[in-house]
Amino acid sequence: MTDAGPVPGRSLPTSARAPGKCVLFGEHAVVHGAPELVLAIDLHTQAVVSRSDRSRLNAEPDAETQNPYFREALAAAGPAAGPVDVRTVSRIPRSAGLGSSAAFVAAVSAALAAGVGGLDRPALAQRCFSIERAAQGVGSPGDTSTSVAGGYVTLNAGASGGPLLWTVREGNESWEVRRAEDPGWSWVVAYSGIPRSTADAVRAVSARLHQPDGASLLAEFTSVAEAGIHAVTGGDRQETGRWLRRNQELLREVGVSHPRLEALLEAAAPASEGAKLTGAGCGGSIVALPIAGREVELVRRLARAGAVPFPARPAPGVELVELGRSP
Ligand code: PMV
């Protein structure tokens, strides 16, 4: 995937759409500096931004005080960007581990930035993370940077994670975001229907990683993510499957699996190279790498097990779209 350039300036009304994501390796551990591999998927949030007498989100006049993501996005865009009427439509299920809040922040921020002359992508990625951090309190820039960059993205992976896209900073923490090679595969993502809070799960795992065996667990997360990134970018399906299963064992060990997710992983097993939960866990979604040629069977198996499955292909990063185009 070629890397898109800056978000250009446009007069309002204007519209932007941003992809959701699934984490292939390294969720939770990334918050503590371990590597992560994330894929932007073709489920989108689209935002339409118009000038207005007062800021509203989907006709809600109190959204600026009630929705922290919207409030922070308006504040980060600066006074020249507002007041605005923002309408959003999204195909990304919420609280499902698929990056719905990052896609909301990226779509709204890109459209707001377009209205005040545009913004380059590294600055947009930094802005989107600062907004999400302020609204959510915890987390890494994995979701927001992937929604801004599109395609396959690594964090904290060093040179083997691909060419550097940008570095995101917050206080004395920093994360390198890199463009990983696309192996040309389709994945299958399946939502369990069980919503959960990312922030609660992140706090619970942080507490677990501060126990005496936390450092060795984090080292295992690191080596599994490194091996997984190597397998995906090298196009090795069987090795990828093996490391997906190992990553799931670690996620189970830190307490973020769920009986429904385990049932879905079992249902997926005969038609997949490997599978794991994706995102914060405790509900949410799984991601599976199909055995080549058995994608339809895998989707059917997951649907029969009661999930909402869909094939997932890499999507471009946030982009401005012609008004009237549907997400
Ligand atoms: O479940 P989501 O889509 O919010 O993904 C969370 C991924 C974590 O690694 C658990 C947190 C983070 O911010 O990286």
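The values are calculated or read from the model by the stated rules, or taken from the named source; none is laboratory data. This one's a predicted model, so the numbers in the text were calculated from it and none came from an experiment. Note that each Cβ is placed from the backbone with ideal geometry, even for glycine, and that neighbours are counted across all protein chains shown. When the accessible area is computed, the model is the full protein with side chains, heavy atoms only, and any ligands, DNA or RNA have been set aside. Shrake-Rupley method; radii C 1.70, N 1.55, O 1.52, S 1.80 Å.
Tabulated results
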| item | result |
| --- | --- |
| Region 102-134: number of residues that are crowded, with 24+ Cβ neighbours inside 10 Å and either of a type in the set (S, T, N, Q) or at positive phi (or both) | 1 |
| Residues of region 97-114 classified as within 12 Å of the ligand (Cβ to nearest atom) and over 14 Å from residue 19 (Cβ atoms), total | 1 |
| Tally of residues being more than 16 Å from the ligand (Cβ to nearest atom) and among the aliphatic types (A, V, I, L, M) across region 29-56 | 3 |
| Test set (1) within 15 Å of the ligand (Cβ to nearest atom); (2) under 23 Å from residue 114 (Cα atoms) - residue 9 fails condition number | (1) |
| Search result, residues across region 1-44 that are more than 20 Å from residue 162 (Cβ to Cβ) and of a type in the set (A, V, I, L, M, F, W, C) | 7, 12, 16, 18, 31, 43 |
| Cβ-Cβ under 7 Å pairs, at least 6 apart or on other chains, region 86-98 side touching a residue at least 12 places away in the same chain (Cβ under 8 Å), far side near the ligand (Cβ under 10 Å from one of its atoms) and of a type in the set (Lys, Arg) | 95/196; 98/21 |
| Number of the exception - residue 195 against (1) open to solvent by 50 Å² or more (accessible area, probe 1.4 Å); (2) under 20 Å from the mean Cα position of the chain (by Cα); (3) over 20 Å from residue 99 (Cβ atoms); (4) not basic (Lys, Arg) | (3) |
| Unique residue being in contact with a His (Cβ under 8 Å, 6 or more places away or on another chain) and open to solvent by less than 10 Å² (accessible area, probe 1.4 Å) when the list is 201, 231 | 201 |
| Among residues of region 46-99, those that are of a type in the set (S, T, N, Q) and surrounded by 16 or more Cβ atoms within 10 Å (Cβ to Cβ), counted | 7 |
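Quick grid of which residues meet (1) modelled with pLDDT of 95 or more; (2) surrounded by fewer than 24 Cβ atoms within 10 Å (Cβ to Cβ); (3) in contact with a Gly (Cβ under 6 Å, 6 or more places away or on another chain); (4) of a type outside the set (A, V, I, L, M):
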{"residue": "16", "(1), (2), (3), (4)": "yes, no, no, no"}
{"residue": "19", "(1), (2), (3), (4)": "yes, no, no, yes"}
{"residue": "26", "(1), (2), (3), (4)": "yes, no, no, yes"}
{"residue": "29", "(1), (2), (3), (4)": "yes, no, no, no"}
{"residue": "35", "(1), (2), (3), (4)": "yes, no, yes, yes"}
